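Engineer: Starting off with a structure, shown below.
No value in this document is a laboratory result; all are computed from the given coordinates. Just so it is clear, the model here is predicted, and its values are computed rather than measured. Cβ: placed from backbone, ideal geometry, glycine included. Neighbour counts: every protein chain shown.
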Amino acid sequence: MLRLFLSRRGDEFAESAIALPVIVLVTIALMNLTMAGFASVNANNAANYGARVGSVHQQSPANAAYDAAQESISYASVGEYQVAVSGGGFPGAQINVEVRWTVPNLLGGLMSFFGGESLGAGIEGAATSVFRQEGW
């Protein structure tokens, strides 16, 4: 009876040893995707808000767009962001707001344990929004 109990326990341990790493990798991959999606949405919203604000300002629209985009991403708790603004200056001119984002890649360091190459330090992306400056 004791042997039967011990042999079943060994099977459960083997199943756990196989399943646990897979579950951990899937969980970390989901965390990576969640952080990247969150940063992408924040960057998109900041670019749109900056371009909208810049399009209605008559004096210094690029500075207004930059300040608005920076203010919008200041509330983001995940990722690092850089804002770049170009254009504007006269009615009808395009105002381009680009927000680049980077989040840490949690799987990058773990890939060496599984025989893969490192995926890099971070996941990067960019969001761009273009509006036309209004004129009165």
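Engineer: Mind checking the full-extension length gain between residue 102 and residue 60? Use 0.36 nm per residue of separation minus the Cα-Cα distance, one decimal, nm.
Structural biologist: On the way: separation 42, 0.36 × 42 = 15.12 nm, distance 2.84 nm.
My answer for the length gained is 12.3 nm.
Engineer: Taking the alpha carbon gyration tensor of region 18-136, what are the square roots of 5 times its eigenvalues, largest first, to the nearest whole Å?
Structural biologist: On the way: eigenvalues 303, 26, 17 Å².
Equivalent ellipsoid semi-axes, largest first: 39, 11, 9 Å.
Engineer: Run the quick spin-label model on residue 93 and residue 78: label points 7 Å from Cα toward the beta carbon, then report their separation in nm to one decimal.
Structural biologist: The two pseudo-label positions are separated by 3.7 nm.
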